[in-house]
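First the structure, in the form of structure tokens, and then the observations on it.
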Amino acid sequence: MSRRLRPASERAQATVEFALVVPVLLIVMLAFVQLSLVVLTKFAVTHTAREVARVLAIDPTADPDQLAADARPFGSGPLDVRIEWRSSGSRRTIVVRVGDEVEGPAGLWFTSPKVATTVAMLGE
């Protein structure tokens, strides 16, 4: 059983091709991870805004910052919470805007992306 050895130039070619492909694959994988984190944070921020609006619609004296901290599914940094009350006749509307920064691999080279959502709910 004889094995034919490849010439050194073919082995070097494979090494160069590998060295060219690996950085591109690494960038694509990190971009996918960052996009996943952005989508996850968007869902979390939307959930937090809905919970804050729901509680404030029932109890307008509640502390919105504490509500946002309690309703936040994950993360520990400060949230940007803005509350606006709008009245139209006998109807009161609560508008809650919640924003957060997305932590992830892009933060190593670029500024962290920010995610925000606005929710409006009728008050009682």
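When you count the other C-beta atoms within 10 angstrom of each residue and take the mean per peptide, 46-58, 111-123, 20-32 line up highest first as 46-58, 111-123, 20-32.
Taking 41 Å as R0, compute the FRET efficiency from the Cβ-Cβ separation of Ala12 and Asp63 and round it to 0.05. With R0 = 41 Å, the Cβ-Cβ based efficiency is 0.05. Remark: the chain carries a charge dipole of roughly 660 debye about the Cα centre, counting +1 on each Lys and Arg Cβ and -1 on each Asp and Glu Cβ.
A straight chain from Ala19 to Arg92 at 0.36 nm per residue would run longer than the Cα-Cα distance by 20.1 nm.
In the chain, the longest principal axis of the Cα atoms and the axis of helix 8-58 are about 10 degrees apart.
Bear in mind that the values in this text are calculations on the coordinates, not laboratory data. Since the model is a prediction, treat every value here as computed from it, not as a measurement. As a convention, Cβ positions derive from the backbone with ideal geometry for all residues, glycine included, and neighbour counts pool all protein chains shown.
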